[in-house]
Every structure is written in structure tokens, then in C-alpha cells.
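Structure first, then comments.
The values are calculated or read from the model by the stated rules, or taken from the named source; none is laboratory data. Treat the numbers as computed from the prediction; the structure is a model and nothing was measured. Positions of Cβ are backbone-derived with ideal geometry, glycine not excepted, and every protein chain shown enters the neighbour counts.
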Amino acid sequence: MKTSVNTLEREARKKSAIHNLDSRIKLIMTLIIIVYGVYTTNLLNLLLIEIYIIFLVFLSKISLKYYLKRIVYILPFGGFIAIFQPFIRPGDILYTLPFGLSLSYQGVQFGILLLSRLTVSISMIVLFSSSTPMNSIINAMRRLGFPKVLSMILSLTVRYLFVFFDELDNIRNAQKSRCFNIWNHKISYMWILRQLGYTIMMIFLNSFEKGEKIYFSMLSRGYNGESNQYIEEPSMKHINYFVLILTIAIIIFIELK
Amino acid sequence: MHIPDGFIPISQCIVYYVIVIFVGYFAVNWAKNNLDEKQIPLLSVLGAGVFAIMSMNIPIPWGTSGHMIGSPIVSILLGSPFAGFLVMTVVLIIQALAFGDGGVTVLGANIFNMGIIASFLGFYIFKALKPLIHAIPSVFIGSFLAIFITSIACALELFIAGTFPLTAGLVFMGLYHFVIGIVGEGIISAIVYMAINNLRPDLISKKSLDLKRED
């Protein structure tokens, strides 16, 4: 997980046409495409949207291997449910398997629909997150009117995410160097759980202590409960509006075709 | 328990979003009135911590593994279910937007499950049981029931969305999270509570402190 956290940011800080787009525009585009992907029930529409996303991926110069790896890593969670649809959905029976299992036509249809929706939304979100640094995502949300308190909590969380993954890694390495393995059947299960519990407790304690430290360091820089942030990103260029309008036009075209 | 995009139709997603925004309004108000400015950095760092905790695998006897959700124990430690809600909202937004874990359209449903149901159940079960039995068993029962009932709610939502049949969903989600609830959430939360109660009792909210502690 930790490596994925770091490679995520590495990919997100590359330079390309997509990376250079304003993060607000990218966020709105992502939302529009995903909402449309979930809304439509036409497989052809989903295919066309997917082609558009793949085109954007090529523009963005993200390493394809990395991109596919991330999709493959995320897909199984929902893919599992989609693949089982033919067996659990009642309908016209296509084929009967032993053990009382049967494939239904409606199930196959629905399963394919779910899987394609899933592919569209995941490929879009992976494209978005690998072309936008996490900080810009939060800034985009803040500038689009997300509540101030929450966006401040979010931006601090994003900042400390990496620290915590490092910390977790340190704890894990220390445990590994003592031959601690959660799958070891020779030690008592309760003991393993207790060690994990202590690890998690350490993370909680660290959070509390860091929270205090951060508060004091913010206080010493003039923090008063309000958060006003300087955002370094440049103002919107015309190309951004153009890309947004293009995306909306493509979706309307796909829907009406 | 992260529902992916496409599993719940847009019309139903909106309902969950409305509920989340409604609770979110109270949560932000609560944060304004009850949290001094000191605790805002704390909530965010806890969010980062919970994020890391969620990526830790906890072994389950049948060779699989699960992970903790963490909102019940956060609510218990900070003494309000709104704290769990805020931390979970932050974590789920980052997971959805930056990691693709859980969908964007279903973000409302995911926050409803893990942020609202789990935090409120975990905290209020703990609060109700604490005077009756010792604090540590009530942490265990609160976190366990919170996760178990959340998984049932998740199965129900998928049924209402027409994605998964009711009985199969209840059996799969229920059984799996029954075990995760006991091992991953219940026992681990109890250990965390016990350890923090012994080491740094000042960090636990006064409402949740174990007063029978032996010094």
C-alpha cells in the first residue's frame, strides 16, 4: 500500500496536457463522466465513453503498466459481485449447471452492465487520481465550495497520510525483523491479535500526539481556527473551459446519437 | 464494505447524499460548538491514522483477512459519534477520489454506512452498556455490533438497489462481517481502548473514560 501511495504522487506530478488542466475542471469532468456511466444502461454508450477515457489516458502520458495495474487492483472488489450476477439473478435460464446452479439471461445482461459501468468509473477515477496530486484535489474541492472546516481537515489529512504510511511501515519492519508474521500458526492467535492491537494503538497514540504538535506549530504561525489558504495554482485558462465543454458535448452526443 | 460505482442507481444515491448532508450539517455545527480549534488538527491526523489502520490486514481464522473500519473506536475515544462521522467522511472522500476504493456516486451510501451507522451505533451501544458492565466489554460489544449491523445495512441497500438478492447478501455479508466484527473490530478496538486507558487516559474523552480503572 505504501509504495502505491508514493507512486500515486509520482505519477500525479508528471507533466502533460491532462496534468496541466485545472484540477477543478478535472474534478467536474470526472464527476460528469462517472454519473453518466452510472446513469446510462446502454452498453454501446459505455464503450464510447471508455474509448474517450482511453484517449485521455494516452494524452496524459501516464505509464500504461501502472495505470492497468491500478485498475486490476481495484476491480476485483466489485467485479466479484458482477461476475456472480448470472447465478443469482432470476430470469430465463440459459444453461443449467450441477448443484442447482443456473445461468440466467437477465443475469448475464445485468452482470455485463455492472462490469462495464465499473470499468468506466474506475478507469476515469484512476486517470483523475494519477493525473492530479492529492493536494490539488482537495484545493479543487475547497474552491468549488466544499465546507471550510471539512476541507481544512481534508487537506491536513492528505498531508499526514504519507507520514502515517511511513510510520506503519516502520512498525511493520520492526515486527518483521523479529520474525513476526500474522499467518504463523505456531503462535497463539490471541497473541497475534494483541500485537496487531498494540500496533493500531501506537498509530492512535501517534495521531493524538501529532495532532497536538501540529496544533502548536499552527498556533505559532498565527492559526486562529479559521483557515485561509494561499493556493499556488494559476488561474483558469481558456483551454480548460474548452476541454470541459468538449467533454459535455461528447456525452450529449453519445446520449443522443 | 466499500460499495463501488454503478451498484446503486443514481436516484437512490441522491437519497443517501441527502441524509449524509443532513447529518453533516449537524456534525459541522457540533464541531463549531464543541471542538475547540485545537481538535481540528487532531481530527485530521486521526483521519490519516485511520487510513493507515484500514490498510492493515488482520488475519481471520479461515485463512482470509479483513481490516478494521475504525469509526466506532474513534467515536468512543473522542466521546461523540460526530467525531467518527467527520473522520470517516474525510477518509472515505480521499479513498474514493484518490484511490478508487469505493465509488464516487455511492460515496453518500458509503459514508451513510461506515460514517453514520457504524459511528452512532458503536458510540451509543458503548454508552448504554458502560454503566451496566465494565467499559472494556462494552467497547467490544459496541464495535462488534456496529460493524455487524452496518454490514446488514449494506446488504439491504444492495438489495433495494436491485444488485444483490436479499438472503444471499445477508448470509454472505452477515457471516463475513460477523467474524470481522468480532476479531477485527471488536477485539482490536477493546485492546486499543484498554491500552490507551492504561497509558494515556487523558486522551480519552471524559464521557468515555473507564472510571473503575485501577491506578
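Just a few scattered comments:
- When segment B:1-35 is filtered for residues that are surrounded by fewer than 15 Cβ atoms within 10 Å (Cβ to Cβ), more than 8 Å from chain A (Cβ to nearest Cβ) and either under 26 Å from A:Phe165 (Cβ atoms) or not aliphatic (A, V, I, L, M) (or both), the ones remaining, listed by number, are B:Ser11, B:Phe22, B:Tyr25, B:Phe26, B:Asn29, B:Asn33, B:Asn34.
- Where A:Asn184 falls short, out of the listed (1) out of contact with any Pro (no Cβ under 8 Å at 6 or more places or on another chain); (2) over 30 Å from B:Ile21 (Cα atoms); (3) not in a loop (DSSP other than H, G, I, E, B): (3)
- Residues in segment A:1-24 that are surrounded by 14 or more Cβ atoms within 10 Å (Cβ to Cβ) and either within 13 Å of the chain's Cα centre (by Cα) or at pLDDT below 75 (or both): A:Met1, A:Lys2, A:Ser4, A:Val5, A:Thr7, A:Leu8, A:Glu9, A:Ala12.
- Among residues of segment A:53-72 being free of Cβ contacts under 8 Å to residues at least 40 places away in the same chain and more than 22 Å from A:Tyr36 (Cβ to Cβ), the one that is surrounded by the fewest Cβ atoms within 10 Å (Cβ to Cβ) is A:Lys65.
- Selection count, segment B:98-113, where residues are in a helix (DSSP H, G or I) and at pLDDT below 90: 2
- Subset of segment A:168-188 [within 7 Å of chain B (Cβ to nearest Cβ) and without any contact (Cβ under 8 Å) to a residue 40 or more places away in the chain]: A:Ile182, A:Trp183
- Of all residues in segment B:36-46, exactly one satisfies the criterion of being more than 7 Å from every other protein chain (Cβ to nearest Cβ) and among the polar types (S, T, N, Q), namely B:Gln39.
- Of all residues in segment B:51-72, those that are under 25 Å from B:Ser208 (Cβ atoms) and either touching a Lys or Arg at 6+ places or on another chain (Cβ under 6 Å) or at the interface with chain A (Cβ under 8 Å from one of its Cβ atoms) (or both) total 6.
- Checking each residue in segment B:156-184 for being within 11 Å of another protein chain (Cβ to nearest Cβ), modelled with pLDDT of 85 or more and under 17 Å from the mean Cα position of the chain (by Cα) picks out only B:Ile182.
- Within the set A:Leu59, A:Leu48, A:Leu114, A:Leu75, the sole residue that is closer than 21 Å to A:Lys257 by Cα and either hydrophobic (A, V, I, L, M, F, W, C) or within 15 Å of the chain's Cα centre (by Cα) (or both) turns out to be A:Leu48.
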